[in-house]
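The values are calculated or read from the model by the stated rules, or taken from the named source; none is laboratory data. Since we're looking at a predicted model, the values are computed, not measured. Don't worry about glycine lacking a Cβ; one is built from the backbone with ideal geometry, like all the others, and counts go over all protein chains shown. Protein only, heavy atoms only, side chains kept; ligands, DNA and RNA dropped before computing areas. Shrake-Rupley method; radii C 1.70, N 1.55, O 1.52, S 1.80 Å.
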Amino acid sequence: MSQIIDIFKEITSIPRCSGTHKPFITYMQNLSQEAGFLCIVDNHKNILIKKENSSAKLAFQSHYDIVCLSDNCVPVIVQNGDILSAENSTLGSDNGIGCAYMIQLILDGVDAEYLFTSDEEIGLIGANNLALELKAPYMLNLDSEEEAGICIGCAGGVDIFATNSNKRIVPNDENLDLYEISISKLQGGHSGVDIDKNIPNGIKLLAKTIKKANAKLLDINGGERINSIPVNVKAIIASKNLPIASHENMTITKIDTKSEHLNIYDDKIIDFIYNFENGVRSLNKDLGVVQNSINLAIIKTRLDEIKIELSARSMANDELAQLKDETIKMLEVHNFKVTTDGKYPAWKPDINEFTNKVLEIYKEVNPKASLEAIHAGLECAIFKDKYPNIKVASIGPSIEFPHSKKERVSITSVENVFKVVQKIVKEIS
């Protein structure tokens with residue numbers, strides 16, 4: 001069974017940050033050729049592997065990109081007993097373990113459709129633009145992160161992009177001092193499944209310090225990914241008052257240079273961030289998950305503007321639209337111009353013959369198995385939209401703290417879930 005871990009370690013050494021496609025595509029082209037499978041790649045770098053005369057009843061799906069907190073990161077795996085983690089980076093078990101399961105099944109010659117999608121972590125780009133045909137009536141997504149949980153529903157989401165171009169040069173008549181404020185080494189995490197864990201948001205913390213000092217904003221940059229809780233943020237401010245750190249990880253350094261003129265941005269930028277209700281907005285008691293949430297993920301200073309990126313999620317499409325509209329109005333009141341993108345639908349929980357069969361099989365391995373929904377975007381919602389008749393379920397091993405440097409996965413859990421996958425193959429294929 002350690003073959004799965006060996007495969008995972010092998011593909012972890014292949015550069016797979018979102019936006020990086022060629023190394024993994026080349027790897028899969030070579031592997032599928034050796035295994036006697038076809039390998040088809042579409043214009044958005046999705047990969048479909050199947051037998052030439054396939055009669056597959058089952059499609060497996062995972063995304064092959066990983067969240068990288070630094071550019072071109074290739075995780076270095078650390079094994080400590082049953083736990084795999086990485087040296088000072090994300091591990092990429094989301095969704096590298098799912099990819100490893102699929103590669104093992106290909107090497108075992110299992111007749112199925114194997115869909116590896118691209119750029120899931122930056123807006124489900126591959127799935128949204130899929131130009132590959134699936135014929136199997138059932139799909140097993142391998143991107144869930146809790147053993148014994150069989151996901152049959154997920155949140156929908158939309159990305160919100162806002163730009164404030166109100167900038168002016170003013171004389172430094174008040175003789176304001178310049179300060180650099182930075183924060184780093186926060187826990188970070190996934191802005192869906194971790195949004196209810198009270199994880200500090202670096203952008204919110206900096207805004208609090210700037211607001212309390214009644215400071216002027218000159219420059220601010222922070223956040224890593226649209227679907228991550230921001231870890232690293234840095235700002236330059238001008239202030240009469242000494243800023244007070246709002247978190248133990250915050251560093252405040254006075255800049256000795258005095259400036260006769262200041263390039264300052266609209267005060268309403270910090271007002272918006274300070275007042276914005278970030279995180280969980282409501283809970284769904286029936287499903288036992290967050291119902292609505294929004295995360296301020298990224299802030300960037302460009303030549304003459306500041307841009308922020310937010311990710312809104314809801315378990316209901318109408319509530320997602322309402323959350324989006326409310327946020328846009330608030331941004332516009334604070335002098336932002338707003339666009340949206342990356343929208344994906346909620347996957348309404350659907351119990352059917354396939355999900356019941358998966359539950360029955362899973363309970364043979366783990367009696368605690370249950371059907372559930374999660375407050376995160378899974379590509380399943382898009383596939384249900386593209387293929388209305390396909391029956392979908394999602395499973396995966398226990399992965400803790402995905403999208404963060406604390407990301408870790410249990411080897412035992414990886415092996416347990418693969419036993420379930422093999423039983424599903426045996427009974428359905």
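Odds and ends about this structure:
- Stokes-Einstein D (µm²/s) once Rh is taken as the Kirkwood radius of the chain over alpha-carbon pairs, at 37 °C in 0.692 mPa s: 145 µm²/s
- Extension gain (nm, one decimal) between Gln322 and Asp304, 0.36 nm per residue minus Cα-Cα: 3.4 nm
- Surface share of carbon and sulfur [accessible, 1.4 angstrom probe, percent] for the range 148-260: 45 percent
- Summing +1 for each Lys or Arg and -1 for each Asp or Glu among the other residues whose beta-carbon sits under 14 angstrom from that of Asn389 gives +1.
- Cysteines in the chain lacking any other cysteine Cβ under 4.7 Å from their own Cβ: Cys39, Cys99, Cys151, Cys154, Cys380.
- For the range 270-280, 3J(HN,Hα) computed residue by residue from phi via the Karplus equation (6.51, -1.76, 1.60; θ = phi - 60°) reads 5, 4, 4, 4, 4, 8, 5, 7, 8, x, 5 Hz, glycine and proline entered as x.
- Once the Cα atoms are used to define both axes, helix 22-35 deviates from the longest principal axis of the chain by about 10 degrees.
- Cα radius of gyration and Dmax for the range 349-420 (Å): 13.9, 39
- Counting only residues at least eight positions apart within a chain, or on another chain, the lysines with an alpha carbon under 16 Å from that of Lys45 are Lys22.
- Computed from phi, the 3J(HN,Hα) profile of the range 47-61 under the Karplus parametrisation 6.51, -1.76, 1.60 (θ = phi - 60°) reads 10, 10, 10, 7, 6, 4, 10, 5, 10, 5, 9, 10, 10, 9, 9 Hz, with x in place of Gly and Pro.
- Taken along its principal axes, the alpha carbon cloud of the range 383-426 reaches lengths of 38, 27, 7 Å, longest axis first.
- Restricting the calculation to Cα atoms, the range 111-266 yields a radius of gyration followed by a Dmax of 22.0, 74 Å.
- Once both labels are positioned 7 Å from their Cα atoms along Cα-to-Cβ, the gap between Thr339 and Asn172 label points is 3.6 nm.
- Sorted largest first by accessible area at a 1.4 angstrom probe radius, with every protein chain in place, the residues Thr90, Thr340 fall in the order Thr340, Thr90.
- Residue pairs, from the table Lys258/Lys307; Lys357/Lys419; Lys185/Lys406; Lys204/Lys348; Lys234/Lys324; Lys204/Lys258, whose Cα atoms sit over 21 Å apart: Lys258/Lys307; Lys204/Lys348; Lys234/Lys324; Lys204/Lys258
- Over the residues of the chain, the helix contribution to mean residue ellipticity at 222 nm works out to -8500 deg cm²/dmol, using -39500 (n - 2.57) for each DSSP H run of at least 4.
- Cα centroid of the range 347-377 to Cα centroid of the range 105-149, whole Å: 17 Å
- Amide H to amide H, with H built 1.01 Å from N, Val289 comes under 5 Å of Asn284, counting only residues 5 or more places away or on other chains.
- Relative contact order %, the chain, counting alpha carbon pairs below 8 Å whose residues are six or more apart: 23 percent
- Per-selection Rg to Rh, the range 269-379 - Cα, Kirkwood hydrodynamic radius: 1.12
- Extension gain for the segment Glu52 to His261, taken as residue separation times 0.36 nm less the Cα-Cα distance, is 68.4 nm to one decimal.
- Over the range 9-149, the ratio between the Cα radius of gyration and 2.2 N^0.38 Å evaluates to 1.02.
- With Cα atoms, 0 to 90° folded angle of helix 411-428 axis to the chain main axis: 50 degrees
- Angle of helix 353-365 to the longest C-alpha principal axis of the chain, folded into 0 to 90 degrees and rounded to 10: 90°.
- Accessible solvent surface per residue of the chain, calculated while the other protein chains remain in place, 1.4 angstrom probe, Å²: 42 Å²
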